[in-house]
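Q: A single structure is presented below for examination.
The values are calculated or read from the model by the stated rules, or taken from the named source; none is laboratory data. Please read all numbers here as calculations on a predicted model, not as lab measurements. Every residue, glycine among them, receives a Cβ derived from its backbone with ideal geometry; neighbour counts consider all protein chains shown. To get the accessible areas, we keep the full protein, side chains included, count just its heavy atoms, and leave off ligands, DNA and RNA. Shrake-Rupley method; radii C 1.70, N 1.55, O 1.52, S 1.80 Å.
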Amino acid sequence: QVQLVESGGGLVQAGGSLRLSCAANGRSLDDYSMAWFRQAPGQEREFVAAISWSTNTWLADSAKGRFTISRDKPKKTLYLQMNLLTPEDTAVYYCAARDGIPKYEATLYDFWGQGTQVTISS
(Lines give C-alpha, C1' and ligand atoms only; values in the text may rest on other atoms or scores of the structure.)
Protein backbone atom coordinates (compact mmCIF):
# COMPACT_ATOMS: atom_id res chain seq x y z
CA GLN A 1 0.00 0.00 0.00
CA VAL A 2 1.08 3.58 -0.66
CA GLN A 3 0.19 6.78 1.12
CA LEU A 4 0.92 10.15 -0.49
CA VAL A 5 1.14 13.23 1.72
CA GLU A 6 1.30 16.71 0.20
CA SER A 7 2.67 19.79 1.93
CA GLY A 8 3.84 23.29 1.09
CA GLY A 9 0.58 24.97 0.18
CA GLY A 10 -0.38 28.36 1.54
CA LEU A 11 -1.37 31.93 0.80
CA VAL A 12 0.94 34.07 -1.32
CA GLN A 13 0.60 37.25 -3.33
CA ALA A 14 0.47 37.25 -7.10
CA GLY A 15 3.95 37.00 -8.57
CA GLY A 16 5.20 34.93 -5.67
CA SER A 17 6.43 31.35 -5.47
CA LEU A 18 5.62 28.15 -3.65
CA ARG A 19 7.22 24.73 -3.55
CA LEU A 20 4.90 21.80 -3.04
CA SER A 21 6.15 18.45 -1.78
CA CYS A 22 4.57 15.02 -1.88
CA ALA A 23 6.07 12.34 0.34
CA ALA A 24 5.34 8.71 -0.37
CA ASN A 25 5.00 6.34 2.57
CA GLY A 26 5.03 2.63 1.97
CA ARG A 27 6.50 0.76 -0.92
CA SER A 28 8.86 2.34 -3.42
CA LEU A 29 7.38 4.30 -6.30
CA ASP A 30 10.63 4.42 -8.28
CA ASP A 31 9.00 2.66 -11.24
CA TYR A 32 5.82 4.71 -11.08
CA SER A 33 4.93 7.87 -12.95
CA MET A 34 3.89 10.71 -10.68
CA ALA A 35 1.89 13.84 -11.33
CA TRP A 36 0.34 16.97 -9.90
CA PHE A 37 -3.28 17.85 -10.50
CA ARG A 38 -5.32 20.75 -9.19
CA GLN A 39 -8.98 21.44 -8.58
CA ALA A 40 -10.55 24.84 -8.13
CA PRO A 41 -14.03 25.22 -6.58
CA GLY A 42 -16.74 24.18 -9.00
CA GLN A 43 -14.25 22.93 -11.57
CA GLU A 44 -12.97 19.54 -12.64
CA ARG A 45 -9.62 18.23 -11.53
CA GLU A 46 -7.05 19.25 -14.11
CA PHE A 47 -3.59 18.05 -15.04
CA VAL A 48 -0.68 20.30 -14.06
CA ALA A 49 2.55 18.31 -14.48
CA ALA A 50 3.88 14.78 -14.62
CA ILE A 51 7.20 12.99 -14.39
CA SER A 52 8.04 9.48 -15.50
CA TRP A 53 10.19 6.90 -13.74
CA SER A 54 13.02 8.01 -16.06
CA THR A 55 12.43 11.68 -15.08
CA ASN A 56 10.98 12.82 -18.39
CA THR A 57 8.54 15.63 -17.66
CA TRP A 58 5.31 17.00 -19.05
CA LEU A 59 3.63 20.31 -18.21
CA ALA A 60 0.20 21.73 -18.90
CA ASP A 61 0.26 24.79 -21.13
CA SER A 62 -0.72 26.93 -18.14
CA ALA A 63 2.34 25.70 -16.25
CA LYS A 64 4.99 26.00 -18.94
CA GLY A 65 7.63 28.60 -18.15
CA ARG A 66 6.46 28.91 -14.54
CA PHE A 67 6.29 25.46 -12.89
CA THR A 68 8.91 22.72 -12.56
CA ILE A 69 8.23 19.14 -11.52
CA SER A 70 10.95 16.98 -10.05
CA ARG A 71 11.38 13.89 -7.90
CA ASP A 72 13.94 12.64 -5.42
CA LYS A 73 13.77 8.87 -5.53
CA PRO A 74 15.91 8.12 -2.45
CA LYS A 75 13.67 10.46 -0.44
CA LYS A 76 10.51 9.13 -2.15
CA THR A 77 9.41 12.71 -2.63
CA LEU A 78 7.81 14.57 -5.53
CA TYR A 79 8.11 18.34 -5.88
CA LEU A 80 6.36 21.13 -7.75
CA GLN A 81 8.18 24.46 -7.86
CA MET A 82 5.69 27.16 -8.79
CA ASN A 83 6.83 30.65 -9.78
CA LEU A 84 5.04 33.75 -11.08
CA LEU A 85 1.84 32.63 -9.43
CA THR A 86 -1.46 34.27 -10.39
CA PRO A 87 -4.92 34.17 -8.78
CA GLU A 88 -5.89 31.67 -11.52
CA ASP A 89 -3.53 29.17 -9.87
CA THR A 90 -5.69 29.11 -6.74
CA ALA A 91 -6.82 25.52 -6.16
CA VAL A 92 -6.30 22.40 -4.10
CA TYR A 93 -3.22 20.66 -5.47
CA TYR A 94 -3.03 16.87 -5.44
CA CYS A 95 -0.19 14.50 -6.15
CA ALA A 96 -0.86 11.16 -7.77
CA ALA A 97 0.98 8.04 -8.85
CA ARG A 98 0.33 5.41 -11.49
CA ASP A 99 2.02 2.22 -12.62
CA GLY A 100 2.79 3.09 -16.21
CA ILE A 101 3.60 6.04 -18.41
CA PRO A 102 2.27 9.45 -17.39
CA LYS A 103 -1.27 10.29 -18.44
CA TYR A 104 -3.26 13.52 -18.49
CA GLU A 105 -6.44 11.88 -17.20
CA ALA A 106 -6.91 11.85 -13.44
CA THR A 107 -8.97 8.66 -13.54
CA LEU A 108 -5.93 6.71 -14.75
CA TYR A 109 -3.94 7.24 -11.55
CA ASP A 110 -3.78 4.60 -8.84
CA PHE A 111 -2.84 6.53 -5.71
CA TRP A 112 -3.75 10.02 -4.50
CA GLY A 113 -2.81 12.37 -1.71
CA GLN A 114 -5.30 14.34 0.34
CA GLY A 115 -4.41 17.66 -1.31
CA THR A 116 -2.89 20.96 -0.21
CA GLN A 117 -4.57 24.35 -0.62
CA VAL A 118 -2.83 27.02 -2.68
CA THR A 119 -4.35 30.49 -2.58
CA ILE A 120 -2.98 33.40 -4.59
CA SER A 121 -4.10 36.90 -3.70
CA SER A 122 -4.18 39.70 -6.25
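Q: Taking the solvent-accessible surface of protein heavy atoms with a 1.4 Å probe, what is the per residue accessible area of the stretch 1-102 in Å²? Working shown, then result.
A: Details: 5050 Å² over 102 residues.
Per-residue value: 50 Å².
Q: If you don't mind, there's one more thing I want to ask. Would you grab the residues whose amide H sits under 5 Å from the one on ALA49? Only those 5+ places off in sequence or on another chain, please, with H modelled 1.01 Å from N.
A: TRP36, ALA60
Q: Pop a pseudo-label 7 angstrom from the Cα along the beta-carbon direction at both VAL2 and ASN56 and give the gap in nm to one decimal.
A: Roughly 1.8 nm, to one decimal.
Q: Which of the peptides 22-33, 54-65 is most tightly packed, and how do the rest follow, going by the mean number of other Cβ atoms within 10 Å of each residue?
A: Values: 22-33: 16.6, 54-65: 13.0.
Result, highest mean Cβ count within 10 Å first: 22-33, 54-65.
Q: Hey, in the GNM for the chain with a 10 angstrom Cα cutoff, which one of LEU80, LEU108, LEU20 fluctuates hardest?
A: LEU108
Q: Given points 7 Å out from each Cα along the Cα-Cβ axis, report the GLN43 to LYS103 separation in nanometres with one decimal.
A: 2.3
Q: Given the chain, what percent of its DSSP beta bridges are antiparallel, to the nearest 5? Before the final figure, lay out each step's value.
A: On the way: 38 of 43 bridges.
Here the antiparallel bridges make up roughly 90 percent for the chain.
Q: Here's a follow-up. Please list 3J(HN,Hα) in residue order for the stretch 60-76, calculated via the Karplus relation 6.51 cos²θ - 1.76 cosθ + 1.60 where θ = phi - 60°; whole Hz, with x for glycine and proline.
A: Using θ = phi - 60°, the values come out as 5, 4, 5, 9, 4, x, 10, 10, 9, 9, 8, 9, 10, 5, x, 8, 6 Hz.
Q: Let me check against my output: what whole-number percent is the relative contact order of the chain, with C-alpha pairs under 8 Å and at least 6 apart?
A: Numbers: 309 pairs, mean separation 43.5, N = 122.
That works out to 36 percent.
Q: If you plug each phi of the stretch 28-37 into the Karplus form 6.51 cos²θ - 1.76 cosθ + 1.60 with θ = phi - 60°, what whole-Hz ³J(HN,Hα) values come out, in order, with x for Gly and Pro?
A: 5, 10, 4, 8, 9, 7, 10, 8, 10, 10
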